[in-house]
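*Asks:* First the structure, then my questions, so here it is.
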Amino acid sequence: MTLSVRLRHNLPGFILDAAFEAPPGLTVLFGRSGSGKTTVINAVAGLLRPQAGRIVAGGRVLFDSTQGICLPPRQRRLGYIFQEGRLFPHLTVRQNLAYGRWFAPRDAAREDMGRVVEMLGIGHLLTRRPAQLSGGEKARVAIGRALLAAPQLILADEPLAALDEPRKAEILPYFERLRDAVNVPILYVSHSAAEVARLATTVVVLEEGRVTHQGAAAELLSDPRISPTGVREVGAVLEARIVTHHTDGLTELIAGTAAFFIPRIDRAPGTSVRIRIAAHDVMLARDRPTGLSALNIVEGRVEQLRSGTGPGTIVSLDTPAGRILARVTRRSAEALGLAEGVRCHAIVKSVAIAPQDVGAADSLPS
Amino acid sequence: MSWLGPQEWQAVALSLKVAGWATALSLPFGIAMALVLARWQFPGKQLVNGLVHLPLILPPVVTGYLLLLAFGTQGWLGAALQSMGLSFAFHWTGAALAAAIMAFPLMVRAIRLSIEAVDPRLEQAAATFGASRTWVFLTVTLPMILPGILAGAVLAFAKAMGEFGATITFVSNIPGQTQTLPSAIYAFLQVPGGEASALRLVVVSIVIAMAALLSSEFLARRLAQRVAGS
């Protein structure tokens, strides 16, 4: 099942003119605020009627301006996860979860309520009302309600934006589980590179109403010219596997053939994870450094140097662990004589990799 | 209630019947009108709003006289309705109609305020989960405005119990037929030695009003707790 979107709509200040495909898995619609992301997701939901275009989900035409088709939201078979949760305050958690399935067609493939409740860890909340839930709990119930609506398309509009950092870290794994539990497309609006790195199967970058890039997450995030939220968000995404947990609070990973030590994460050895290493957390050295506190040193070959208008440059290294990006000053790059093909060492402090930068690996091919 | 005389008892019973019917029958219209005024935009909306509120600001005698003109036996509506077997003039149903019309603005106002307090994004959310407009109303809007509906109904009931001017103008003051509580009090005060009866009815009025108010407060708090979930 694939979602295919093509639409044109005049917005104050610019014209939204976007086309993209969202395959099964999680597609992040990535862009700054005001780039038209919310307009796109509202058009897909049917809450806004675009001036022109065509939206097809799994072969069903939801909107087609030339044929005059515009299904109302209730006929689009959605599971919408709203930014503020939008749980029904007068219903219990159990009633909220069941709300979508009351209206789902009889023959729809239904998720088992017990399984979803268990997956989201909300069994103890079922008799409560939304006002008695914390922000994180509300977000989990909102995920469950969308999943239980037997949707053919799941939409999420910046579902974590209203949460603080610890709460975000708490909810992200549930979105990973959602992504791996369903085989319908999930369209997820976000302006956070960390969320893209952890969740995205596919990324669609939206700038001023236009799709500037689309592709796999790792590729897009590692290109400073693409990342719309600025150079500080640039980073590499590595696929790794947990080797063991050490008694001093570190977890040892293996990425490719390189070992990485990061602050302990609560997952079993053998689990595959994705780690995001921000480019500004990586140092470079020509010779293998000694007497250094940083635990992670990987040797690689410079693939590319990319400079923008600022004083910095992004060096991408081909290493046994995968592609690693380092953001250094142009002055340092010159002093080190960095150029394509030069070998050097990337140095990553263990503590620079925060738990929210570590996600479960995508089970779908990306 | 043996301390009430037959005429007094009759007035109390009649008032409860009139106010009860007036409230019950006008409630669906009140909810519909509140929805229209809260949610719809259409030309002439201010005119409709004004018409609804007119009984609140017009002298009650004027409203009563207009009712008499329209629904009296000679009135254009009254004659038509009488041929269908529905008579208002000098009949308790006329008292109920007058009470309903006088109470309508208060009812609509209370319900409208509660509708305006409902977050439309919740209704939008319900629609994305497949609910039709009717189901959105029944499962989201209605439960959330129940406290407002209750408040509107109690206000309307209290107003209907106390309606005097329009009622006496429209359907006169016939014991057992159109003599409601306030009309009875007025009548007792017109005859020598009626003060004791009037006073007893005053006590009954206060008791009924307080009981209605307290029970609605209690129910509204329980409903609001359900909605707020605290």
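*Asks:* If you place +1 on the Cβ of every Lys and Arg and -1 on the Cβ of every Asp and Glu, how big does the dipole about the Cα centre of chain B come out, in debye to the nearest 20?
*Replies:* The calculation lands at about 500 debye.
*Asks:* Next up: Can you give me the distance in nm between label points at A:LEU295 and A:LEU71, each placed 7 Å from the Cα along the Cα-to-Cβ direction?
*Replies:* 5.0 nm
*Asks:* Take the Cα coordinates of region A:3-231, assign each an equal point scatterer, and use the Debye formula without solvent to give log10 I(q)/I(0) at q = 0.08, 0.11 Å⁻¹.
*Replies:* For the requested q values the scattering log ratios are -0.28, -0.53.
*Asks:* Size of the dipole of chain A about the Cα centre, Lys and Arg at +1 and Asp and Glu at -1 on the beta carbon, nothing else charged, in debye to 20?
*Replies:* 900 debye
*Asks:* Pop out the ³J(HN,Hα) list for region B:29-36 in order, Karplus 6.51 cos²θ - 1.76 cosθ + 1.60 with θ = phi - 60°, rounded to Hz; leave Gly and Pro as x.
*Replies:* 5, x, 5, 4, 5, 4, 4, 4
*Asks:* Picking from A:ALA181, A:SER33, A:ALA194, whose Cα lies most toward the positive end of the charge dipole for region A:3-231 (charges on Cβ: Lys, Arg +1; Asp, Glu -1)?
*Replies:* A:ALA181
*Asks:* For region A:96-146, what does the alpha-carbon gyration tensor say about shape, rounded, prolate or oblate, given a ≥ b ≥ c as the root eigenvalues, a/c under 1.5 as rounded, and a/b over b/c as prolate?
*Replies:* It is prolate, given that a/c is not under 1.5 and a/b is the larger ratio.
*Asks:* In the Gaussian network model of chain A, springs joining C-alpha atoms below 10 Å, which of A:THR202, A:THR212, A:THR27 carries the largest mean-square fluctuation?
*Replies:* Taking springs between Cα atoms under 10 Å, the residue moving most is A:THR212.
*Asks:* Considering the alpha-carbon set of region A:231-324 alone, what are its Rg and its Dmax in angstrom?
*Replies:* 14.3, 45
*Asks:* Place the peptides B:209-217, B:184-192 in order of packing, highest mean first, counting for every residue the other Cβ atoms within 10 Å and averaging per peptide.
*Replies:* B:184-192, B:209-217
*Asks:* Right, here's the next one. In deg cm²/dmol, rounded to 500, what helix-only [θ] at 222 nm does the protein assembly as shown give when every DSSP H run of at least 4 residues adds -39500 (n - 2.57) and the total is split over its residues?
*Replies:* Using -39500 (n - 2.57) per qualifying helix, the result is -13500 deg cm²/dmol.
*Asks:* If you take the charge dipole of the protein assembly as shown about its Cα centre, with +1 on Lys and Arg Cβ and -1 on Asp and Glu Cβ, which of B:VAL191, B:LEU69, A:HIS9 is farthest toward its positive end?
*Replies:* B:LEU69
*Asks:* Using the scaling law 2.2 N^0.38 Å as the reference, what is the normalised Cα Rg of region B:8-117?
*Replies:* 1.17
*Asks:* Take the eigenvalues of the Cα gyration tensor for the protein assembly as shown, scale each by 5, and report the square roots as semi-axes in whole Å, largest first.
*Replies:* In descending order, the three semi-axes are 70, 25, 19 Å.
*Asks:* What angle do you read, to the nearest 10 degrees and between 0 and 90, between the alpha-carbon axis of helix A:135-148 and the longest principal axis of chain A?
*Replies:* Tilt of helix A:135-148: around 60 degrees.
*Asks:* Just counting partner chain Cβ atoms within 10 Å, what average do the residues of peptide A:72-80 show around their Cβ?
*Replies:* Mean inter-chain Cβ contacts per residue within 10 Å come to 5.
*Asks:* Under a point spin-label approximation (7 Å from Cα along Cα-to-Cβ), what is the B:LEU189-A:ASN10 distance to one decimal in nm?
*Replies:* Label at B:LEU189, label at A:ASN10, 6.7 nm between them.
*Asks:* Counting only residues 5 or more places away or on other chains, whose amide H sits under 5 Å from the amide H of A:ARG286 once H atoms are built in the peptide plane?
*Replies:* Amide H neighbours of A:ARG286, under 5 Å, 5+ apart: A:HIS345.
*Asks:* How about B:LYS17: which lysines have a C-alpha closer than 28 Å to its C-alpha, ignoring those fewer than 8 places off in the same chain?
*Replies:* In chain and number order, the partners are B:LYS159.
*Asks:* First check a/c for chain B, with a ≥ b ≥ c the square roots of the eigenvalues of its C-alpha gyration tensor; if it is under 1.5, answer rounded, and if not, answer prolate when a/b is larger than b/c or oblate otherwise.
*Replies:* Judged from the Cα gyration tensor, chain B comes out oblate (a/c at least 1.5, b/c at or above a/b).
*Asks:* Within 10 Å of each Cβ in peptide A:95-102, how many partner chain Cβ atoms are there on average? Round it to a whole number, please.
*Replies:* That average works out to 3.
*Asks:* With charges set only on the Cβ (+1 for Lys and Arg, -1 for Asp and Glu), what does the dipole of region B:114-230 come to about its Cα centre, in debye to the nearest 20?
*Replies:* 240 debye
*Asks:* Further, regarding this structure: Within 10 Å of each Cβ of B:138-149, how many other protein chain Cβ atoms are there on average?
*Replies:* 2
*Asks:* Positive end of the charge dipole of region B:123-223 (Lys, Arg +1 and Asp, Glu -1 on Cβ, about the Cα centre): tell me which of B:MET210, B:ALA131, B:ILE168 has its Cα farthest that way.
*Replies:* The one lying farthest along the dipole's positive direction is B:ALA131.
*Asks:* Continuing with this model, one more query. For a test of the definition: using alpha carbon positions, the gyration tensor, and the 1.5 limit on a/c, classify region A:135-215 as rounded, prolate or oblate.
*Replies:* Judged from the Cα gyration tensor, region A:135-215 comes out oblate (a/c at least 1.5, b/c at or above a/b).
*Asks:* Let me ask another. Would you mind ranking A:HIS124, B:HIS53 so that the residue whose beta carbon has the fewest other beta carbons within 10 Å leads the list?
*Replies:* Ascending number of Cβ neighbours within 10 Å: A:HIS124, B:HIS53.
We did not get these values from a lab; they are worked out from the coordinates using the rules stated. As the structure is a computational prediction, the values presented were derived from the model and not from experiment. With ideal geometry, Cβ positions are generated from the backbone for all residues, glycine too; neighbour counts draw on all protein chains shown.
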